[in-house]
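Heads up: the structure comes next, in structure tokens.
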Amino acid sequence: MKHITNLYIEPTTECNLSCSICSRNHWTNETIGHMEHHTFERMISSLPPNVERIVFSGVGEPLTHPNILSLIAQAKATGCKVGLVTNGVLLDDTMANELLKLELDELWVSLDSVHEEEVSSLSGDMDNINVYDNVLAFAKKRPGHYTSPKTTTLGIAFILMKSNLQQFRHLLKKAPFMGVDMIKATHLLPYDEAQLSEICYERLLGMNLFQEQQAITTHVDIPLMESSHLEDEGILNQLISPTLSASLFEVPIVRQKDKCKFVEDGYIFVRWDGEVSPCVALLHDHYAMQQGVKRFNGSCSYGNVKDCSLQEIWDQREYQEFRKRVADFVFSPCTSCGPCDLFETNGADCSGNIFPTCGACLWAQGLFQCP
Ligand code: SF4
Ligand code: SF4
Ligand code: SF4
């Protein structure tokens, strides 16, 4: 992608929850802070012309930024579609009214067992908060609630874990009646041994599903059928195997491999302090458990919006070269190999690539996705 199309802004790294799965617990050399007004102003006043969508997200709770409504208003004034990702705790009646008044285009709320547990442990003024109720109330307030199109798209972000799959099933049943337009499920990035046992994709990594597959020889097209039969006979598992590609009534069950949506679709991420990264995975220094080892993922910035415009940063030679490496996906296949000594960081790989390497990135293998 030649242009910036999607601008993700991290307004703050502060949060009103302390989830066990939060990457903030495993940051190194990072401080917590809010984006300053002049940083935001500088960035938004020289917005590149092809930006279509601005999303307030990142690691932290955007609604804890003291001026978030003014930031949203300024983002809306650019003519872009504007979205917000929240844990929903502060989505009370007043906030819902304000967001609707600003004609927010997308609202994404994290609604899964991890967030639920944290919300239920809140105390003081915050106890008795029920994010489900907040979501329901927001959905009903939207002009067009009973019709389509609605003024604000309402989405649920859900982190899949072994222990909450039943909750996910319930959500699928309830979502249409709650007024939810979209559910974006993703996987858990485990940060310690205990969380490792919760992931739902270990078999996919173990079976080298994502390596170059000379073995793929057969394409199978199946008709609509009752899923219980697919599950009972283990057919579903077989369909996501390295030896087959599959489609459901001619609609391909796409298996993504070595493809970075962020880079290919023109995404750019701005951290709360103005540093600019190509993706959410490279926004903060952090450790995570991968292939059974604690791996350090260093953050990568190609500039700071306090010093230059987004377009100048995007056009920088080093950034262009990085995007080319990602588009060609020249990296070693670390998700299905390893771990070797080089695997312990994203600093280098055995194909001679240097920081930041993307061969171990689970976003690029279709396992992780962001709203
Ligand atoms: S809501 Fe998000 S940012 Fe806040 S603690 Fe939980 S995972 Fe971290
Ligand atoms: S860098 Fe290590 S883990 Fe990655 S592909 Fe090479 S040998 Fe395997
Ligand atoms: S492949 Fe992964 S680490 Fe590399 S730019 Fe894309 S999301 Fe970031």
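Quick notes on this structure:
- Diffusion of the chain by Stokes-Einstein, at 37 °C in a medium of 0.692 mPa s and with Rh set to the Kirkwood radius over alpha-carbon pairs, works out to 149 µm²/s.
- Column: log10 I(q)/I(0), Debye, Cα scatterers of region 285-338, q = 0.27, 0.30 Å⁻¹: -1.06, -1.12
- Gain in span if fully extended, residue 22 to residue 344, counting 0.36 nm per residue against the direct Cα distance: 113.9 nm
- The residues packed around residue 17, meaning those with a beta-carbon under 11 Å from its beta-carbon, carry a net charge of -4 if Lys and Arg are +1 and Asp and Glu are -1.
- Only aspartates and glutamates eight or more places from residue 81 in sequence, or on another chain, were considered; those with a Cα closer than 15 Å are 52, 103, 105, 106.
- Computed on the Cα trace of region 270-371, the radius of gyration divided by the Kirkwood hydrodynamic radius gives Rg/Rh = 0.97.
- Think of it as helices only: each DSSP H run of n ≥ 4 in the chain is worth -39500 (n - 2.57), and spread over all residues that comes to -7500 deg cm²/dmol at 222 nm.
- A P(r) calculated from all alpha carbon pairs of region 1-94, with 5 Å bins opening at zero, reads 3, 12, 23, 23, 17, 13, 8, 2, 0 percent.
- When each of 140/162; 150/173; 173/261 is checked by Cα-Cα distance, pairs over 24 Å: 140/162; 173/261
- Where labels lie 7 Å past Cα in the beta-carbon direction, separation of residue 235 and residue 130 in nm: 4.1
Read-outs throughout are calculated quantities, based only on the coordinates presented, and are distinct from any laboratory measurement. What you see is a predicted model; the values in this text were computed from it and never measured. Backbone-built Cβ (ideal geometry, glycine too); neighbour counts: all protein chains shown.
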